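The values are calculated or read from the model by the stated rules, or taken from the named source; none is laboratory data. None of the values given here were measured: they were computed from a predicted structure. Positions of Cβ are backbone-derived with ideal geometry, glycine not excepted, and every protein chain shown enters the neighbour counts.
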Amino acid sequence: MKKKPRLFLLVLLSAGIFSFLPNYAQNPVKIRFDSSKEVSGRKFAIKDISPGVPTNWDGYNFVVLEFKSTTPQRFQVGFTTETGYNELRVMSYCPNGWNKLAIPLRFYRELPGAAHDLAATYNQPRYTGWVNLGGKRGPLRGVDSIGIRMNAPINNPEIELRSISLSVDDPCDQYLGDKPVVDEFGQWNLGDYEGKIKSEAQLRKEWATEDAETVTTKPYNYSKFGGYLPVNAKATGFFRTEKIDGKWWFVDPEGCLFLSVGVDCVSPGGGGSVRDLDKRKNIYKELPPAATITSQRRPNAGSFGIWNLIRRYGDSYPEKSRELVIKRMDKWGLNTICNWSSPEVMALNRKAFMLQLRGVGIENGIMGLPDVYAADFKSKVDASIKEFVTPYRENPWLIGYFSGNEPSWTGQEERLCGMLLSGNERPLKTELIKFLAGNDSPEKRKQFVIETFRVFMQTVNKSLKTHDPNHLNLGIRFGHNPGKSILAVCKDVFDVFSFNCYDLAPKQEFMDQILEGTGLPMIIGEYHFGTVDRGMAQSLWQVNSQKERGVAYSYYTEQAYSHPGLIGTAYFQWSDQDLTGRFDGENYNCGLVDVTDRPYPHQVEAMGNTAKKLFGIHSGTTPPTNQKPVKARGHGAIPDLWEK
């Protein structure tokens, strides 16, 4: 009788139906992260947590962890193999609750796919958390230990790990707690924090206080278009750039000097989308009504952010919430609506705005490098740009157009060429083969990619200037230092050089290189700071508290505008990201506004105070602040330390 269950398990294993089941440790392993240390964490023998887990993982596709973390702060999960230590970065949607997270093992074995930008390349969504790719890649053999560590832990958090198991098929993630993770307002329900809404009456009282405020832009000395009074330059009716006394500026349509102080993703009702309900049992206390389903392109099951706007304004919420956006921008000294923002808010023509072109040939499968050698490439790009820009051609509120964001091929030119050569037939591959004939080398491959990029940018710029000569070519927001060769290309086709920079402050020497290499003024297209008190991950740059977010914003922004070439910044983003993850998994506390449609007071106060100083800072008459946030840390590779 005892042999039958074993025989049944062998049959299941041979059929690929059964995977290695969890074997719970009698005493879950507890990791206490020490906030006094730069890096804190430990390694454990897998057999001490889940005895019997095989050391050769070749036949498995998922490693499944059952754990509870007291924080949403990112942590590294790695395994020691016969070839070394290999780790990824993990974020949980369920802090303070037990959950089962299945991590695809291909993330440890293989390089990321050839997505069109950096976020799509490295962010991998799951259902109770998400994974950011990093570390080394290699076979998973001789796996004997697991490591869990954290960089600059906030408030001495803890993680309990009670099971490690393997699976052939995706077992799906599972929240294992009884108390829902998300409350009826879209807030984190498994913890408390300062400013948390406990009732609708409390929420309505705070909304009413804000609605009663009278706001003006007079403290910022802004013109109609957000430039600085009085008029100091030639008015052309559209935005342009000019170098005056060694410093670059935008000039607004009326001739006022202008610094673009903006925010990305400006849209009412953000930060609360609900997705994948069939995979997220017991996550949500109450679901938003059907009236809050807003996205057809990326279907969702409703939005807490929209639901809170309906609570606030009723059926008139679309119009009233857009007016509130403008009022808040006026109060906080923001004069530009930046990338990925609401078309309806931009269409009010009350704030300057920027747009990103569509249909210019950027593809997912080849790292965002268009196939410029396709016979119909130029005609398609021209037709697409003409259709896109024609409605904006005479609009004085538009500053200009971006043509892309964080292309993932920069620094990966040799790998991209290898992928093209081993891939399907296409004109880009044919041209690459001809280009490399008799002289294939890493340098030659990089040269091919740069020349392809040159053709792409020249094609876009020609069409843009043909169909809309009134507005600026703002370039591509690079995510890495693109190098001198790319800067030389940009010099001839952009009006402004743009880059995203997640750092404590942009490096002055990097901006000097851009200015020297292109002769162009600059825009920073993305930066932000976040923390962990709201149940969301702490953003690409973390700080220790909501107050420190404001300190970090002022330090970064004021240091940036002290450079003579910088004329614009775009903070990412208007609202917090979704608590249970946007389309690619990200769930950052990076907003100016939370899911309940309330501003973060420290953040927006800092923005307003800094905005009042920027003209003087950029002019060189006012020094930037030197106050740095306490123990801020970035998202890059952490030091090879354990408990140091």
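How many of the residues in region 227-243 are closer than 12 Å to Leu472 by Cβ and of a type outside the set (D, E, K, R)? So the answer is 4.
Condition check ((1) under 28 Å from the mean Cα position of the chain (by Cα); (2) over 26 Å from Lys547 (Cβ atoms); (3) in a strand (DSSP E or B); (4) at pLDDT 95 or above) across all residues:
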| residue | (1), (2), (3), (4) |
| --- | --- |
| Gly134 | yes, yes, no, no |
| Arg141 | no, yes, no, yes |
| Ile154 | yes, no, no, yes |
| Lys205 | no, no, no, yes |
| Ala208 | no, no, no, yes |
| Lys224 | no, yes, no, yes |
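Restricting attention to region 550-576, the residues being of a type in the set (Phe, Trp, Tyr) and part of a helix (DSSP H, G or I) number 4. When Lys378 is tested against (1) free of Cβ contacts under 8 Å to residues at least 60 places away in the same chain; (2) outside any loop (DSSP other than H, G, I, E, B), only condition (1) is not met. When region 474-498 is filtered for residues that are in contact with a Gly (Cβ under 6 Å, 6 or more places away or on another chain) and among the polar types (S, T, N, Q), only Ser498 remains. The requirement of being part of a strand (DSSP E or B), under 22 Å from the mean Cα position of the chain (by Cα) and not assigned by TED's automatic domain parsing to the domain that holds Asp117 is satisfied by Ser403. Of the residues making up region 305-357, those that are of a type in the set (Gly, Ala, Ser) and either within 18 Å of Thr214 (Cα to Cα) or in a loop (DSSP other than H, G, I, E, B) (or both) are Ser321, Gly333, Ser341, Ser342, Ala347. Among the residues making up region 462-484, those that are more than 27 Å from the chain's Cα centre (by Cα) and part of a helix (DSSP H, G or I) are Lys462, Ser463, Leu464, Lys465, Thr466, His467. Cβ-Cβ distances below 7 Å connect the following pairs, each with a first residue in region 597-624 that is free of Cβ contacts under 8 Å to residues at least 60 places away in the same chain and surrounded by fewer than 17 Cβ atoms within 10 Å (Cβ to Cβ), a second residue that is charged (D, E, K, R) and not in a helix (DSSP H, G or I), and a separation of six or more residues or different chains: Thr622/Lys613.
Contact annotation: residue pairs with Cβ atoms under 8 Å, 6 or more positions apart or on different chains, pairing a residue in region 438-450 that is within 12 Å of Gly418 (Cα to Cα) with a partner that is at pLDDT below 95 and not in a helix (DSSP H, G or I), are Val449/Leu369; Val449/Trp409. For region 144-156, the set of residues classified as under 26 Å from Lys47 (Cβ atoms) and surrounded by 21 or more Cβ atoms within 10 Å (Cβ to Cβ) consists of Ile146, Ile148, Arg149, Met150, listed by residue number. Only one entry of Ile399, Ile366, Ile385 meets the criterion of being buried (at least 21 other Cβ atoms within 10 Å of the Cβ) and touching a Phe, Trp or Tyr at 6+ places or on another chain (Cβ under 7 Å), and that entry is Ile399.
Can you pull out every residue in region 616-644 that is outside any loop (DSSP other than H, G, I, E, B) and touching a helix residue (DSSP H, G or I) at 6+ places or on another chain (Cβ under 8 Å)?
Narrowing region 616-644 to residues outside any loop (DSSP other than H, G, I, E, B): 616-619, 633.
Answer for region 616-644, where residues must be outside any loop (DSSP other than H, G, I, E, B) and touching a helix residue (DSSP H, G or I) at 6+ places or on another chain (Cβ under 8 Å): Ile617, His618.
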